[in-house]
1. From the set of residues in the range 141-186 that are among the polar types (S, T, N, Q) and open to solvent by 50 Å² or more (accessible area, probe 1.4 Å), which is farthest from the chain's Cα centre (by Cα)?
2. Answer with yes or no whether Gln2 is open to solvent by less than 40 Å² (accessible area, probe 1.4 Å), among the polar types (S, T, N, Q) and either closer than 19 Å to Ala230 by Cα or touching a residue at least 12 places away in the same chain (Cβ under 8 Å) (or both).
3. Restricting to the range 41-86, count the residues that are open to solvent by less than 30 Å² (accessible area, probe 1.4 Å) and among the polar types (S, T, N, Q).
4. State which residue is surrounded by the fewest Cβ atoms within 10 Å (Cβ to Cβ) when the search covers only the range 104-121 and only residues that are hydrophobic (A, V, I, L, M, F, W, C) and more than 20 Å from the chain's Cα centre (by Cα).
5. Within the range 122-140, work out how many residues are of a type in the set (Val, Ile, Thr) and either under 15 Å from the mean Cα position of the chain (by Cα) or open to solvent by less than 60 Å² (accessible area, probe 1.4 Å) (or both).
6. Which of the residues belonging to the range 19-52 are closer than 18 Å to Gly167 by Cβ and not β-branched (Val, Ile, Thr)?
7. Pairs only if they're at least six apart or on different chains, beta carbon under 7 angstrom, first in the range 217-241 and farther than 18 Å from Val157 by Cβ and free of Cβ contacts under 8 Å to residues at least 24 places away in the same chain, second open to solvent by less than 10 Å² (accessible area, probe 1.4 Å) and of a type outside the set (A, V, I, L, M, F, W, C); list them, first residue then second.
8. Please state which one of Ala115, Ala151 is touching a Lys or Arg at 6+ places or on another chain (Cβ under 9 Å), touching a residue at least 24 places away in the same chain (Cβ under 8 Å) and not polar (S, T, N, Q).
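The values are calculated or read from the model by the stated rules, or taken from the named source; none is laboratory data. These numbers come from a predicted model, not from an experiment. Because the Cβ atoms are built from the backbone with ideal geometry, glycine has one as well, and the counts that use them run over all protein chains shown. Side chains included, ligands, DNA and RNA excluded: accessible areas come from the protein's heavy atoms. Shrake-Rupley method; radii C 1.70, N 1.55, O 1.52, S 1.80 Å.
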Amino acid sequence: MQPGMFGEFMGTMVLILLGNGVVANVLLKKSKGEGGGWMVITTGWGLAVMAGVFTALACGGEGHLNPAVTLAAAITTGDFSKVAGYIVAQLAGAFVGACLVWLHYLPHWKATPEADLKLACFGTSPAIRNLPANLISEIIGTFVLVFVADAITSKVVAASGLAPGIGPWLIGSLVWAIGLGLGGTTGYAINPARDLGPRIAHAILPIAGKGGSDWGYAGVAIVGPLVGGALAGLCAHLAHI
């Protein structure tokens, strides 16, 4: 196994378990968190990113948790040697995390009649389905994620580096801000593994009363973040941050 892959797997698994877990907590029937709303979901996702980054770092990864971030880092540094291995690990971690969400909320799938709410606990979907506009939203959201994360960790901002342990909290806060400011259009996948791994799990798992997995939309949540991440990586490289 390539160094760092286990950390990326574990970190992404925790990210999805807690991130998709908060969606399930808010949307599924008879959950104690039912009806908690967008503020709960965005806060949960921000904290899920924080927890996932800490986990990845502790397990030997770099805390990317996201193929778009991995691609951006490769463009910024010129080192593409880790891209394939990290993406495989992130996708696998996302799939396992989604399976754990299904297992954790096992009685609630049958209690929830709406197939679209069940799918929302796995993959993203747009508030208004307009694929070009949805793609632009994902590109913008991911650009902000990658470029601002690079700014936060830049030597220009902190010449001697961030204080130990503060980075994951700041990145989690950034994801929280993206969810609050930009997430209402598409549910802010901003991460191909975050959408694709759980969507595959949705298609495979014996979820009571599930509908289709909406593969017609899946490409937006894959291509948009990769484009946004690549653009942000290029801009960060050109700006020397």
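1. Top of the filtered list is Ser160.
2. Working: open to solvent by less than 40 Å² (accessible area, probe 1.4 Å): no; among the polar types (S, T, N, Q): yes; either closer than 19 Å to Ala230 by Cα or touching a residue at least 12 places away in the same chain (Cβ under 8 Å) (or both): yes.
Here the answer is no, as Gln2 does not meet what is asked.
3. Number satisfying all stated conditions: 3.
4. Of everything passing the filter in the range 104-121, Leu106 is surrounded by the fewest Cβ atoms within 10 Å (Cβ to Cβ).
5. So the answer is 3.
6. Kept after step one, since they are closer than 18 Å to Gly167 by Cβ, are these residues of the range 19-52: 45-52.
The answer is Trp45, Gly46, Leu47, Ala48, Met50, Ala51, Gly52.
7. none
8. Ala115
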